[in-house]
Amino acid sequence: MKGGLPVRRFFVEEIEAEDGLCTIRGSEAKHMTRVLRMGRGDRFILMDGQGARFRAIIESAGRREVLVTLEKPLPQPPPSPVEITLCQALLKSRAMDYVIEKTSELGVHRILPFSSERTVVRLNKERFANKKQHWREIAHSAAKQSDRKVPVEIGPLSSFEELVGRTRAEDALKIILWEEEMATDLMGVLRGSPPVKRILGIVGPEGGFSEKEVRAAGEAGFVSVSLGQRVLRAETAAITMVAIVQYEWGDLTFSDPTKPASGSASSP
Ligand code: SAM
């Protein structure tokens with residue numbers, strides 16, 4: 001229980017209420033009644049995909065729909081000071097699901113999936129559409145779990161060249177995680193410059209990047225960075241990158257990352 005609020009959260013596309021009453025249908029209603037056995041008098045948080053959230057109480061629960069009263073609107077969780085975009089090479093399914101779930105919990109803003117030279121998984125339009133629907137379900141439950149304002153945005157599938165082309169002009173700090181990078185590391189890049197509002201990070205497939213790809217990213221303004229000497233699985237690298245950026249410049253802290261840490265040399 002956080003701040004005395006019920007911890008169960010449910011999403012609906014749009015919160016349509018009349019006289020404070022709202023009907024929940026579909027998979028969320030089934031989850032409430034058949035899985036969680038919720039019923040009259042139970043309280044929870046109702047959220048739509050745009051950031052609106054209410055404390056609600058169940059008036060009646062049927063097999064297909066749940067009638068609830070919206071008791072009061074709730075404040076939105078503040079956004080992280082840094083908007084993180086993870087550009088993730090397609091990974092084998094369990095690893096990809098894991099990346100979507102864990103980076104969602106860590107507050108990643110957007111995930112752009114891409115295929116590259118050494119990508120093992122190949123998805124045609126139809127298979128990608130099914131995959132995206134599956135990832136969306138993971139993103140929804142991760143948003144409920146972690147009390148995010150809105151689920152992570154999952155972009156269209158692109159090739160590595162299209163991704164680099166499309167993000168070339170983006171006004172953001174751009175990094176590419178390369179296990180063969182020997183001179184520059186992520187900590188050095190983050191502590192060597194003042195916090196920025198937007199960061200894009202590219203993480204490779206199981207087989208890594210070719211030198212040609214790392215060069216092309218460099219020409220588009222991406223800085224190649226290392227996460228240290230050990231070769232991490234792609235899913236570990238992605239989660240580690242998001243966690244480190246949120247720790248240094250984001251909201252894995254109560255203090256404002258744009259202000260020097262208290263007790264640091266510069267504060268009186
Ligand atoms: N090609 C490598 C190999 O098989 O030896 C491994 C690639 S690694 C499993 C997958 C991706 O994770 C890499 O493309 C990179 O983006 C990221 N990665 C893993 N370890 C890293 C490290 N120490 N520094 C930076 N990136 C790393």
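The values are calculated or read from the model by the stated rules, or taken from the named source; none is laboratory data. Since the structure is predicted, the reported quantities are computational estimates derived from the model, not experimental observations. Reconstructed Cβ throughout: ideal geometry from the backbone, glycine too, with neighbour counts over all protein chains shown.
Quick one: which residue in Asp42, Asp97 is in contact with a Pro (Cβ under 9 Å, 6 or more places away or on another chain), modelled with pLDDT of 95 or more and of a type in the set (Asp, Glu)?
Details: Asp97 fails: in contact with a Pro (Cβ under 9 Å, 6 or more places away or on another chain).
The conditions single out Asp42.
Filter the range 114-129 down to the residues that are among the polar types (S, T, N, Q) and touching a residue at least 12 places away in the same chain (Cβ under 8 Å) and list them by number. Talk me through it step by step, then tell me what you get.
Of all residues in the range 114-129, those among the polar types (S, T, N, Q) come to 115-116, 119, 124.
Once the filter is applied, which keeps residues that are among the polar types (S, T, N, Q) and touching a residue at least 12 places away in the same chain (Cβ under 8 Å), the range 114-129 yields Ser115, Ser116, Thr119.
When the range 121-133 is filtered for residues that are among the hydrophobic types (A, V, I, L, M, F, W, C) and assigned to a helix (DSSP H, G or I), the ones remaining, listed by number, are Phe128, Ala129.
Please tell me if Arg118 is part of a loop (DSSP other than H, G, I, E, B), surrounded by fewer than 16 Cβ atoms within 10 Å (Cβ to Cβ) and at pLDDT below 95. It is false that Arg118 is part of a loop (DSSP other than H, G, I, E, B), surrounded by fewer than 16 Cβ atoms within 10 Å (Cβ to Cβ) and at pLDDT below 95. When Leu227, Leu232, Leu252 are checked against the criterion of being surrounded by fewer than 21 Cβ atoms within 10 Å (Cβ to Cβ), in contact with a helix residue (DSSP H, G or I) (Cβ under 7 Å, 6 or more places away or on another chain), among the hydrophobic types (A, V, I, L, M, F, W, C) and within 19 Å of Leu90 (Cα to Cα), a single residue qualifies: Leu232. When Arg37 is tested against the conditions (1) in contact with a strand residue (DSSP E or B) (Cβ under 8 Å, 6 or more places away or on another chain); (2) under 16 Å from Arg8 (Cα atoms); (3) modelled with pLDDT under 95, the lone failure is (1). Contact map, the range 1-14: residues that are in a loop (DSSP other than H, G, I, E, B) paired with residues that are at pLDDT below 85 and loosely packed, with under 10 Cβ neighbours inside 10 Å, Cβ distance under 9 Å, separation 6+ or inter-chain. Pairs shown: Val7/Met1. Scanning the range 87-114 for residues that are within 13 Å of the ligand (Cβ to nearest atom), within 12 Å of the chain's Cα centre (by Cα) and not aliphatic (A, V, I, L, M) yields Cys87, Gln88. What are the residues in the range 72-113 that are closer than 21 Å to Ile45 by Cα and touching a Phe, Trp or Tyr at 6+ places or on another chain (Cβ under 7 Å), if any? Correct list: Lys72, Pro73, Leu74. Go through the residues of the range 64-75 one by one and say whether even a single one is in contact with a helix residue (DSSP H, G or I) (Cβ under 9 Å, 6 or more places away or on another chain), surrounded by fewer than 19 Cβ atoms within 10 Å (Cβ to Cβ) and over 24 Å from Arg25 (Cα atoms). Taking every residue of the range 64-75 in turn, none turns out to be in contact with a helix residue (DSSP H, G or I) (Cβ under 9 Å, 6 or more places away or on another chain), surrounded by fewer than 19 Cβ atoms within 10 Å (Cβ to Cβ) and over 24 Å from Arg25 (Cα atoms).
Within the range 169-251, which strands (runs of 3 or more DSSP E) (wholly inside it) include 1 or more residues that are within 16 Å of the chain's Cα centre (by Cα) and within 16 Å of the ligand (Cβ to nearest atom)?
Values: elements: 173-177, 198-203, 223-225.
Ranges flagged: 198-203.
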